[in-house]
Amino acid sequence: MRRTLPPSAEIEKRIDDLLAGGVAAGEPEGPLTELASLGAQLIIQRAVEEEFDAFIGRARYERKPEAPPGKRNGYRPRRMRTAEGEIEVEVPQLREAAEPFTSKLFPRGPKRLLTTEPLRAMVVGAFVRGLSMRDVESLCEEAGLGQISKSSAGGMASAAIRSRSPSSTRVPSA
């Protein structure tokens with residue numbers, strides 16, 4: 001089926017439908033949670049569409065003789081975890097172009113886990129409690145942080161140990 005509207009317009013329609021229905025007094029969390037999720041999805045979807053338009057040098061249905069070669073060729077779905085839960089974003093595809101389009105939000109290749117201080121603290125805390133590498137991997141997966149490799153977990157723990165000051169790691173003399 002040929003899509004004539006961009007995915008962001010479809011998300012806007014879903015938001016309008018949700019707002020037209022109103023929020024019931026008994027259950028405000030359901031529609032508000034969905035509204036927050038749709039809002040996050042709309043922001044990310046628009047960012048990807050604008051990035052794509054800038055990459056090919058023209059907007060949807062716009063023709064420019066000086067624009068670089070390339071034609072829109074549908075979308076591919078990508079999933080992303082946010083504070084509002086997992087959302088799906090449609091990333092535009094390109095054909096007949098000199099180079100493929102790669103979004104900065106969704107780079108090609110293996111999914112990388114962003115190393116943040118809470119993640120680092122969780123990994124180090126797990127090692128301190130005596131959890132194994134396999135347990136740390138499943139802990140990150142259950143926390144919704146994605147997959148973490150054994151080498152990444154070990155690297156975070158060893159970096160945290162190395163960064164401690166030498167005075168705090170002294171062994172008391174007997």
* Can you pull out the residues in the stretch 84-115 that are at pLDDT below 75 and part of a loop (DSSP other than H, G, I, E, B)? -> GLU84, PHE106, PRO107, ARG108, GLY109, PRO110, LYS111, ARG112, LEU113, LEU114, THR115
* Considering only residues of the stretch 51-81 that are touching a residue at least 60 places away in the same chain (Cβ under 8 Å) and closer than 14 Å to PRO7 by Cα, which is surrounded by the most Cβ atoms within 10 Å (Cβ to Cβ)? -> TYR75
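From the list ARG120, ARG129, which residue is of a type in the set (D, E, K, R) and modelled with pLDDT under 75?
ARG120
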* **Qualifying residue in the stretch 69-83 (condition: of a type in the set (D, E, K, R), out of contact with any Pro (no Cβ under 6 Å at 6 or more places or on another chain) and part of a loop (DSSP other than H, G, I, E, B))** => no
* Asked: Which of the residues spanning the stretch 149-167 are modelled with pLDDT under 70 and part of a loop (DSSP other than H, G, I, E, B)?
  -> ARG164, SER165
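The values are calculated or read from the model by the stated rules, or taken from the named source; none is laboratory data. The shown structure was predicted, so the numbers you read here are calculated from the model rather than taken from an experiment. So basically every Cβ, Gly included, is an ideal-geometry build from the backbone, and we count neighbours across all protein chains shown.
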